[in-house]
Every structure is written in C-alpha cells, then in structure tokens.
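The values are calculated or read from the model by the stated rules, or taken from the named source; none is laboratory data. As the structure is a prediction and not an experimental result, all values here were calculated from the model. For neighbour counting, all protein chains shown are included, and Cβ atoms are generated from backbone atoms with ideal geometry for every residue, glycine included. Note: areas computed on protein heavy atoms with side chains; ligands, DNA, RNA excluded. Shrake-Rupley method; radii C 1.70, N 1.55, O 1.52, S 1.80 Å.
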Amino acid sequence: MSLLCLFTGISSAIALMLGIILAVTLGNPCLEMAQKAISVLLRLSVIGLGFGMSVQQAIDASQNGFLLTVTSIVFTLVLGALTATRMGLTRHAGQLISSGTAICGGSAIAAVAPVIKASPRDISVALGVVFILNSVALIVFPPVGHWLSMTQEQFGLWSAIAIHDTSSVVGASASYGPEALAIATTVKLGRALWIIPLSLLMAVISGGNVRKISIPWFIGLFILAMLANSFIPGVEMFSDDIVEWSKRGLVLTLFLIGSTMTRDLLRSVGFMPMAYGIFLWVAIALSSLGLIMY
C-alpha cells in the first residue's frame with residue numbers, strides 16, 4: 001500500500017485516509033518503524049521542496065507572514081496557559097498541546113518535552129491530540145479555502161498559521177496550488193524556528209535542562225536547496241524532478257502518519273485533552289482567518 005502512495009497519483013488526503021483506515025481496522029505491527037520513517041521522510045521531502053522555490057519567493061512570504069506568525073504564537077501560548085488547568089489538564093500536557101498548536105505540531109512537542117521533563121503519558125496524549133487534529137485539517141482546509149474563494153497567497157498563509165504539523169501544511173497547500181505551497185512551506189519553516197526560543201522559555205519556567213533543546217537542522221538544508229535553485233546554473237535541469245519526488249515522499253509520509261492512528265492511540269487521548277486541543281485550534285484558525293481575509 002505504501003508503494004502505491006509513492007508511485008501513483010494518490011493525493012495527500014487520500015493517502016492519509018488510507019493509512020487511518022488500515023490502522024483502525026488492522027492495526028500497525030510496525031508502529032515504531034513507521035514513526036522513525038515519518039521523521040526521516042518528512043525532512044527529506046521538505047528539503048527537496050526547496051529546489052522548487054526562489055529566494056525572492058521566500059523573502060516575500062517571510063515578510064507577509066512574520067507579524068502574523070509572532071502574533072499567533074503568543075496568542076496561542078497565552079490562551080493555552082490561561083485555560084489548561086481550568087479544563088482539567090496537567091501543567092505539562094497543557095504546555096505540550098499549546099506548543100504543538102502554536103508552532104509545528106509533533107516537532108514542537110518532541111522538542112519541548114525533554115526540556116520540561118514531561119511524563120510519557122503527557123507526551124503520548126499531546127501527540128495524539130495534535131496528530132488527530134492535524135489529520136482533520138489536511139482534509140478540511142482545502143475545501144474551506146475554495147468555499148471562501150481564498151487566493152493561493154491567502155490559503156498558503158492560513159495553512160502555515162493554523163495547521164499543526166509541517167506534513168499537513170505542505171499536503172494541504174500543495175493541493176491548493178504552487179504559489180500556496182511556496183508560501184505555506186516558507187512561513188511554516190520560519191515558524192518552526194521558534195521552537196528554539198520557546199524551548200528556552202519553557203526551560204526557564206519549568207527549571208528544565210537547556211542542554212536538551214533540539215535545533216531543527218533540516219531547515220538549514222531547505223535554505224541551501226533554495227539558494228542552489230536560485231543562484232547555481234544548471235540546477236533547474238533536475239530541480240523539477242526533485243520537487244516531484246519530494247511531493248511523492250510527502251504523500252507517503254502522510255500515509256505513514258495515518259497508519260499510526262491506531263485504536264490504542266485514539267483511546268489514549270481522552271475527552272478533555274481533545275476538547276482543549278480543539279478549542280486552541282479553532283481559536284487560532286478563526287482568528288488568523290479573519291486577519292488574513294479582512
């Protein structure tokens with residue numbers, strides 16, 4: 001099934017749904033292997049997409065998205081801090097879910113968790129919430145964008161701000177159009193760099209270990225790929241093929257993400273953490289949508 005996602009024209013949303021259906025009906029006996037493959041494939045796919053973008057596109061997208069990125073991160077983290085305990089969550093679970101919603105889903109959770117010394121239970125719950133909502137966003141956002149007659153620029157910016165994980169941001173924006181993909185990818189990766197100051201802040205607040213802060217190194221390789229595409233003669237001869245295979249790799253990544261949505265994961269999340277995650281997600285999605293559209 002995974003090879004079908006890699007070598008055929010299956011869309012991102014369909015690949016994700018196929019993975020979820022298989023996980024719920026048959027389970028996933030290779031769960032740990034799938035999670036490792038997701039991490040590697042996502043990073044390689046994002047780096048490859050850099051060969052389809054120019055420096056000027058990145059500058060334009062960064063300028064348009066910087067203020068909204070900063071505002072949305074602060075808004076989500078503050079709202080999360082004010083409501084987590086009131087909704088019955090542990091402090092660490094609230095911090096992890098709000099971090100994943102504010103910045104870049106599972107990557108932010110994985111970066112913040114060791115810094116604040118979160119328990120395995122809190123990490124599992126936070127990842128479950130973010131992965132489930134991330135999957136919903138990939139399927140829901142493109143039809144909403146078309147229904148609202150959003151331009152590619154508007155949709156790309158909205159996806160980068162309001163969808164949790166980089167995989168679904170890229171998947172949703174790629175289905176909307178090439179300009180949306182360029183803007184969404186650039187703004188989302190710029191957003192991912194906020195993992196570093198967020199981890200530092202969480203370390204100070206929680207008395208955690210600053211040495212455990214992880215740096216998203218693959219963003220640097222994405223920038224190098226974009227620079228090569230913009231300034232090195234001859235790269236354009238094979239850049240289209242790299243971008244196409246990167247998109248296929250992303251579709252496979254989304255299938256694997258869907259395959260991790262087992263019954264055990266769905267049962268482990270719990271009602272209140274899911275309600276908290278939905279509350280934060282709806283708040284950031286609607287507020288950013290209003291700012292972008294009007």
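Per-structure values
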{"read-out": "The chain, accessible surface, carbon-and-sulfur percent (1.4 angstrom probe)", "value": "70"}
{"read-out": "Expected-Rg normalisation [2.2 N^0.38 Å, Cα atoms] applied to region 90-135", "value": "0.95"}
{"read-out": "Environment charge at I163 (Cβ cut-off 14 Å; Lys +1, Arg +1, Asp -1, Glu -1)", "value": "+1"}
{"read-out": "Gyration tensor (Cα) of region 35-134, equivalent ellipsoid semi-axes in angstrom", "value": "28, 19, 9"}
{"read-out": "Efficiency of FRET from Cβ geometry, S119 and V204, R₀ 22 Å, rounded to 0.05", "value": "0.65"}
{"read-out": "Overall form of region 244-294 per C-alpha gyration tensor (a/c, 1.5; a/b vs b/c)", "value": "oblate"}
{"read-out": "Mean Cβ count within 10 Å, highest first, over the residues of peptides 180-188, 89-97, 115-123", "value": "180-188, 89-97, 115-123"}
{"read-out": "Whole-number D in µm² s⁻¹ for the chain, Kirkwood Cα-pair radius fed into Stokes-Einstein, 4 °C, 1.567 mPa s", "value": "68"}
{"read-out": "Helical contribution to [θ] at 222 nm, DSSP H n ≥ 4, -39,500 (n - 2.57), averaged over the chain, rounded to 500", "value": "-26500 deg cm²/dmol"}
{"read-out": "Kyte-Doolittle mean at least 0.0, axial Cα span of 24 Å or more - DSSP H helices of the chain", "value": "31-49, 55-83, 120-147, 236-259, 271-293"}
{"read-out": "Relative frequency of Cα-Cα separations exceeding 14 Å in region 20-88, percent", "value": "78"}
{"read-out": "Cα convex hull of region 148-294 - mean projected area over all directions, nm²", "value": "11.8"}
{"read-out": "Inverse mean reciprocal Cα-Cα distance (Kirkwood Rh) of region 83-192, Å", "value": "14.2"}
{"read-out": "FRET E, pair T85, L31, Förster distance 25 Å, beta-carbon r, rounded to 0.05", "value": "0.20"}
